[in-house]
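S.K.: If you scroll down you'll find the structure; I have some questions about it.
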Amino acid sequence: MTDPGESGCVASLREVSHRYGKVTALDGVTLCIPRGRMVGLIGPDGVGKSTLMGLIAGAKRLQTGRIWTLGGDLSSAGFRADMGRRVAFMPQGLGRNLYHDLSIRENLEFFGKLFGQRRTERATRIARLTRATGLAPFLDRPAGKLSGGMKQKLGLCASLIHDPDFLLLDEPTTGVDPLSRRQFWDLIGAIRKDRPDMSVLVSTAYMEEAEGFEHLIAMNEGRILAEASPAALMTRTGAANVGAAYVALLNGEKPAPGEAPSARSLSAPIPGAQLPAARTPPAPVPAAPSADGQPAIRARNLTKRFDGFTAVDGVSFEIARGEIFGFLGSNGCGKTTTMKMLTGLLPATEGEAWLFGKPVDAQNLSARRRVGFMSQSFSLYGELTVRENLLLHARLFHLGRAGTAERMADLVPRFGLAPYLDQTAAALPLGVRQRLSLAVAVIHGPDILILDEPTSGVDPQARDAFWNMLLDLARKDGVTIFISTHFMDEGMRCDRISLMHAGKVLVTGAPRAIIADRGAKTLEEAFIAHMVDAMPPEAPESDAALSGGEAAPAGARAPRFSLARLLAFTAREAMQVRRDPVRLVFSFVGSAVLLLVMSFGISQEVREIPFAALDQDRSPESRAYLSGFQNSRWFLERPPIGSAADLDRRMSSGELALALQIPPGFGRALRRGETSDIAALIDGTDTSRAGTVESYVEGAHNHLLSVGARSALALAGHGPAATPAQIPPARIEPRFHYNPTMESLPAIGPSIPPLLLLLFPAILMAVSVAREKEIGTITNFYVTPTSRVEFLIGKQLVYVAITLLNFVILTALVVTVLGVPLRGSPAALLLGATLYAVAATGYGLLVSMMASTQVTAVFAAAILSVMPTLQFSGMITPVSSLEGPARILGTLWPTTWYMGLSVGTFTKGLGLSELSGHLLRLAAFGPVLTALAVLFLRKQER
């Protein structure tokens, strides 16, 4: 269904609201995004920009209201599936839609396959896109080893591989250096020149970028403040730039006459944050020299190498106490590595570093208490709330109750954290997470602050407030601040800065001096000039067309199922597993080790039971009686017991598991035919073992004292001869079928693989899906034509193959190491293992539906696999002995039937015909479990 009133809109929203728990992300938004234009979303973090983009792209589930994108109603699942071929969504975060263990070429190959492109078409498009973006020389480099700018270029290539009609970019240049940002926007300009009808929606934290867009939508608190061209907004507010215009809107500028009803204005700033009006950064006040002339930080020839790659190459500098020293450089130039060496988190390969005149030592806790460090990536506890994270770090630095309360009262309002105190850190928007990290870094009042891109993704007003705080800390409290940043206005606030590229410092000095020496107008111009000079000559980006020709027709329907897409997920998953040593070891070595440990460690046999006797009779009969135990392979004799006290001591120490006490007069009573009581004291701490020992003792005792010519005592000449009347008319002689010697390994060996072949595949399968959710690549499933069946079964096939390889390994170990021969049909066992592999991985898929993190997936899959298998599969108690719900669970548990099949082929020597019932039942589990997973998998994020 199309919206006839919005034909000029690439997307239109009507009264759209969205909530995350108690937080309102969007509040009754009505909006028309013009078709064929570059539209920018501006506003602080946490105002709903990412939520709005996710809803328009179909990646998030609509809660209230209606949305039309590309003329279709997003409430229709069929339209969303067709729309995936015409929309490209690049989510927030450096390379968040990329697979970091795949190369540039492999990433683009995968995305091309998702859109049904054949090999020659993919090769042509990949060559064209990588030439145009300058990535062609690096096609075989893993995405995880690319700089931030290169990751964003690759993400853009992945988004453009299918020539979309609507391109959505969520803060694509956050955390990217100025040179890469300029190159990125040049690429966007080339794309739009090549395809002028393509619509582009971009959210950005850089107001200077927003001035280059054709249409702007200003947001705050989930509402639309205003929408117009940049020039119109500046004219309307009387501001000199977009940043100032946005602040004017925040402060209550009234809409101009005739403004669209959907445009709104707010009279209040961001709740809880102390945000001053945007202003030009003041010239920094020089830091006062320290009294002793000793620099706070000193580095001399610092060098760090990783496997032959030099990340930092001979860096030297000094930072005075109370100075704000900025580190600016290209992505991947070594800024973070240098900072980690200064904090002791990384040892230097060469060179030296000092803090307060003392060598950097990670073990010097008193020195570390004087340093606050904020890493580039979010490193707090996502499962804890904002309040709990702050309290935890206050306790780690022993601030005490009063000191913690004082710092909390100061930092919470300063960083605008009050509305988020009871939200988990993982659920916070990017900018709010950065503000929380800043608060944690300064909560203990350090003398040195080392901040690695602390304001990346933070809105301009919050950055301004934060820098005011930094200036106060440096000038009033003498705190030394070493900060890396990609914002040139922040660089201008520093006392001195260093420009860095490829591990080397290019220039160090005051920002204005660097600008003047370079003959530039701005610091950004000077930065780019230094970077260009330092970069080696390389092939220029091609001006070839970035589009591949005709886009998909608007009315065309995407096929609901594509084997090529399914196999694309299979191939990608196989490559990721092959390159992950942890998963490889876990997949094959873990199950083999557990098989051996469980088989040899869980033994049902009780042999060489340590025993000793307290013989108070010392007669020939008592010695003959004890000889029956001494000559048995089931008992191991220890030195005789001397007294009752000796018996208690040796039993309590664990030396003896059995103590026999023969009373005085035992031999005389035996000769008279009288009854004599023999005490057998058994260690009962292990009830299972004690019960087995008891049965052994009773068997030995009955054998020794049996009446008849074959009595052991009679044969020894000490017992009375049996008369014919005493010989029993019949005697039962038990024999054990399948395991005549009653050995433990033949009984346990075939029972362990069914447990392991469920446990490991279920964990691996659940983690595979949860990993996509956790790192964000599941967005590719949400916004491409991929169906739920293609996504899940494509991944499942890899783990079915891994399960079958595990089956071969475990079967070989059972036969060769455990010595259990395969007596039955190998074909029946292999067929059963194949069906069981499908069931086990299908179960893992089902478990993954309830897990959003890899840790949760591991624990859920392990517990939900092991416990039912031990209790209900017949591994411990036969299913036929179970009653009520336990019997039902045992019947409906796949391991039950594979357990019977494994034991039947190994121990009983059964074939296909005898095991056909087990195979038929086992065949039903895989499709049912996988179908349930497909049913529960959501094609949209909540």
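S.K.: Does the stretch 791-807 contain any residue that is in a helix (DSSP H, G or I), hydroxyl-bearing (Ser, Thr, Tyr), in contact with a strand residue (DSSP E or B) (Cβ under 9 Å, 6 or more places away or on another chain) and crowded, with 19+ Cβ neighbours inside 10 Å?
M.R.: There is no residue in the stretch 791-807 that is in a helix (DSSP H, G or I), hydroxyl-bearing (Ser, Thr, Tyr), in contact with a strand residue (DSSP E or B) (Cβ under 9 Å, 6 or more places away or on another chain) and crowded, with 19+ Cβ neighbours inside 10 Å.
S.K.: Same structure, new question: Which one of these is surrounded by fewer than 21 Cβ atoms within 10 Å (Cβ to Cβ), more than 21 Å from the chain's Cα centre (by Cα) and under 23 Å from LEU94 (Cβ atoms): ALA405, ALA427, ALA441? Write out each step before concluding.
M.R.: Working: ALA405 fails: under 23 Å from LEU94 (Cβ atoms); ALA427 fails: more than 21 Å from the chain's Cα centre (by Cα).
Answer to the check: ALA441.
S.K.: Could we say that LEU114 is in the same structural domain as PRO34 (by TED's automatic domain parsing) and buried (at least 20 other Cβ atoms within 10 Å of the Cβ) here?
M.R.: no
S.K.: Let me ask something additional. Please pick out the residue among LEU864, LEU818, LEU822 that is of a type outside the set (D, E, K, R) and under 17 Å from PHE925 (Cα atoms).
M.R.: Going through LEU864, LEU818, LEU822 in turn, just one is of a type outside the set (D, E, K, R) and under 17 Å from PHE925 (Cα atoms): LEU864.
S.K.: For the stretch 274-292, indicate whether the set of residues that are modelled with pLDDT under 70 and either within 37 Å of the chain's Cα centre (by Cα) or assigned by TED's automatic domain parsing to the domain that holds GLU15 (or both) is non-empty.
M.R.: First, pick out the residues of the stretch 274-292 that are modelled with pLDDT under 70: 274-292.
Going one step further and asking which of them are either within 37 Å of the chain's Cα centre (by Cα) or assigned by TED's automatic domain parsing to the domain that holds GLU15 (or both), we end up with 274-275.
Yes, the stretch 274-292 has at least one match.
S.K.: Within the stretch 39-49, is even one residue out of contact with any strand residue (DSSP E or B) (no Cβ under 8 Å at 6 or more places or on another chain) and either surrounded by fewer than 24 Cβ atoms within 10 Å (Cβ to Cβ) or at negative phi (or both)?
M.R.: Yes, that holds for at least one residue.
S.K.: Determine whether GLU541 is at pLDDT below 90, assigned to a helix (DSSP H, G or I) and either buried (at least 18 other Cβ atoms within 10 Å of the Cβ) or polar (S, T, N, Q) (or both). Explain how you work it out, then say what you get.
M.R.: Numbers: at pLDDT below 90: yes; assigned to a helix (DSSP H, G or I): no; either buried (at least 18 other Cβ atoms within 10 Å of the Cβ) or polar (S, T, N, Q) (or both): yes.
No; evaluated as a whole, the condition is false for this residue.
S.K.: Additional query: Please go through the stretch 882-917 and give me each residue that is in a helix (DSSP H, G or I) and in contact with a Lys or Arg (Cβ under 6 Å, 6 or more places away or on another chain), ordered by number.
M.R.: The answer is TRP897, and nothing else.
S.K.: For the stretch 224-233, what are the residues that are assigned to a helix (DSSP H, G or I) and surrounded by fewer than 19 Cβ atoms within 10 Å (Cβ to Cβ)?
M.R.: Within the stretch 224-233, ALA231, ALA232 qualify.
For (1) within 30 Å of PRO785 (Cα to Cα); (2) free of Cβ contacts under 8 Å to residues at least 12 places away in the same chain, each residue gets a yes or a no:
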position: ALA851; (1), (2): yes, no
position: THR856; (1), (2): yes, no
position: ALA861; (1), (2): yes, no
position: LEU889; (1), (2): no, no
position: LEU892; (1), (2): no, yes
position: THR905; (1), (2): no, no
position: HIS918; (1), (2): no, no
position: LEU932; (1), (2): yes, no
position: GLN940; (1), (2): yes, no
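S.K.: Need pairs with beta-carbon distance below 6 Å; first residue surrounded by fewer than 24 Cβ atoms within 10 Å (Cβ to Cβ) and within the stretch 760-772, second outside any helix (DSSP H, G or I) and at pLDDT 95 or above; sequence gap 6+ or separate chains.
M.R.: That search, which allows pairs on different chains as well, returns nothing.
S.K.: While we're on this one: Condition first: farther than 27 Å from GLY326 by Cβ and at pLDDT below 80. Can you find one or more residues in the stretch 401-420 that meet it?
M.R.: no
The values are calculated or read from the model by the stated rules, or taken from the named source; none is laboratory data. Note that the coordinates shown come from a computational prediction; the quantities given were computed from them, not determined experimentally. In this analysis, Cβ positions are derived from the backbone assuming ideal geometry, glycine residues included, and neighbour counts consider all displayed protein chains.
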